[in-house]
1. Return yes when Asp196 is within 30 Å of Val3 (Cα to Cα), among the charged types (D, E, K, R) and over 11 Å from the mean Cα position of the chain (by Cα) and no when it is not.
2. Would you mind stating whether Arg10 is in contact (Cβ under 8 Å) with a residue 24 or more places away in the chain, within 15 Å of the ligand (Cβ to nearest atom) and crowded, with 17+ Cβ neighbours inside 10 Å?
3. When you scan segment 89-111, how many residues do you find that are of a type in the set (Lys, Arg), assigned to a helix (DSSP H, G or I) and within 17 Å of Arg74 (Cα to Cα)?
4. Return yes when Gln197 is touching a residue at least 40 places away in the same chain (Cβ under 8 Å) and within 16 Å of the ligand (Cβ to nearest atom) and no when it is not.
5. Here is a check on your reading of the model: is Thr70 closer than 29 Å to Arg142 by Cα, more than 11 Å from the ligand (Cβ to nearest atom) and hydroxyl-bearing (Ser, Thr, Tyr)?
6. How many residues does segment 13-31 contain that are more than 16 Å from the ligand (Cβ to nearest atom), over 8 Å from Thr189 (Cα atoms) and of a type in the set (Gly, Ala, Ser)?
7. Keeping to segment 130-151, report how many residues are of a type outside the set (Ser, Thr, Tyr), out of contact with any Phe, Trp or Tyr (no Cβ under 8 Å at 6 or more places or on another chain) and free of Cβ contacts under 8 Å to residues at least 60 places away in the same chain.
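The values are calculated or read from the model by the stated rules, or taken from the named source; none is laboratory data. The shown structure was predicted, so the numbers you read here are calculated from the model rather than taken from an experiment. All Cβ positions, glycine included, derive from the backbone under ideal geometry; neighbour counts span all protein chains shown.
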Amino acid sequence: MDVTVENVVRTFGRTPALHGVSLNIESGELVALLGPSGSGKTTLLRILAGLDVPTFGRVLFDGEDALRLTVQQRNVGLVFQNYALFRHMNVVDNIGFGLRVRPWARRPSRKEIRNRALELLDLVQLSGLEKRYPSQLSGGQRQRVAFARALAIEPRVLLLDEPFGALDAKVRRDLRRWLLEIHNKTGHTTVFVTHDQEEALELADRVVVMSEGRIEQIGTPDEIYDAPNSPFVFSFIGESSVLPVQVEHGKVWLDGKPLDLAPGDVPDGSAQLFLRPHDVDVIDDEAGAISGEVKVLRRHAGLRRVDLDVGAERKRVEIELPADLNLNPARSIAFRPRRYRLYPISQALDS
Ligand code: ATP
């Protein structure tokens, strides 16, 4: 099912939580709403679910005005961070709940409900645990039951709010892979909220980056990571360092020296150079390169992280180098960013 959000505004008292958000989600897409705390992700998800209403704007499900539909009529599958399973029901009854409470005319028989619940239990790879109660399951297992319960009603859209938020890092990683498999098998239009950029980039077909109630950028994980359209997206989506530079005469200048970097379409004037630790090459020749004094060396998995002080303002820049490169603190090294983004200072200040 297609979901369209048109110019949605939501204010709580005087606080605007969403400032005119527009978004189109295609049928079968897996979309992540990504942003820091308070950026409006949950408010948008709740509006899609019918648990909240916009102050202004429209929500369409397959072109139909969804705001006229109740939560039940919208037929959305919801999964929240804190499982929300019924403690007094075993697994199979939890999964079948949404079907058992349907009006009589649309309710499948008991046998059909049980069979559907067992099928879903198999899909979420928990066969054999049907008689357990939630307290007898691990956090990851409970969350998989919550998914099965959301899928049981054959939802038109699946809405997930930080579904793995309460789980430890390893279980989160496993469940991410698992969610992708389930999505590929079932093809439900899915919207999930996360503040974890790694999770969003790994799972989503498209990522919606939000900040302060606005959409900053919508794109595929590659577009968001490789071409962030603002300093906010660049720094939110991965590790980054920033250097103040000047763009003049078609060149990028740091402390009055030209760098071997292309300014692209950035206009003349002050700008900020954003780079990521792993996107640099250390070079011998300082001409056109950025040089800095080694301050701190740290082992970082298979590599070495180096903090450098760069330029007259002694800006701290973090770069990543092979672990076997021998470096001494206080030594000066030169590097060139392989990939970088330049933002005019006006845009940097806006973000
Ligand atoms: P988090 O990751 O912390 O859940 P979020 O991006 O989901 O954050 P929202 O929960 O949508 O953000 O909140 C957006 C803004 O709206 C915040 O400033 C929040 O304080 C405010 N807000 C949300 N719900 C209410 C409410 N019921 N009453 C008043 N303000 C609210």
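1. No: the conditions fail for Asp196.
2. Taking the combined requirement at face value, the residue satisfies it.
3. Result for segment 89-111: 1.
4. It is true that Gln197 is touching a residue at least 40 places away in the same chain (Cβ under 8 Å) and within 16 Å of the ligand (Cβ to nearest atom).
5. On the way: closer than 29 Å to Arg142 by Cα: yes; more than 11 Å from the ligand (Cβ to nearest atom): yes; hydroxyl-bearing (Ser, Thr, Tyr): yes.
Considered against the rule, which asks whether it is closer than 29 Å to Arg142 by Cα, more than 11 Å from the ligand (Cβ to nearest atom) and hydroxyl-bearing (Ser, Thr, Tyr), Thr70 comes out as yes.
6. 1
7. Final tally of qualifying residues: 8.
Quick grid of which residues meet (1) more than 16 Å from the ligand (Cβ to nearest atom); (2) over 18 Å from Asp122 (Cβ atoms); (3) surrounded by fewer than 16 Cβ atoms within 10 Å (Cβ to Cβ):
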{"site": "Arg156", "(1), (2), (3)": "yes, yes, no"}
{"site": "Leu160", "(1), (2), (3)": "no, yes, no"}
{"site": "Phe164", "(1), (2), (3)": "no, yes, no"}
{"site": "Lys170", "(1), (2), (3)": "yes, yes, yes"}
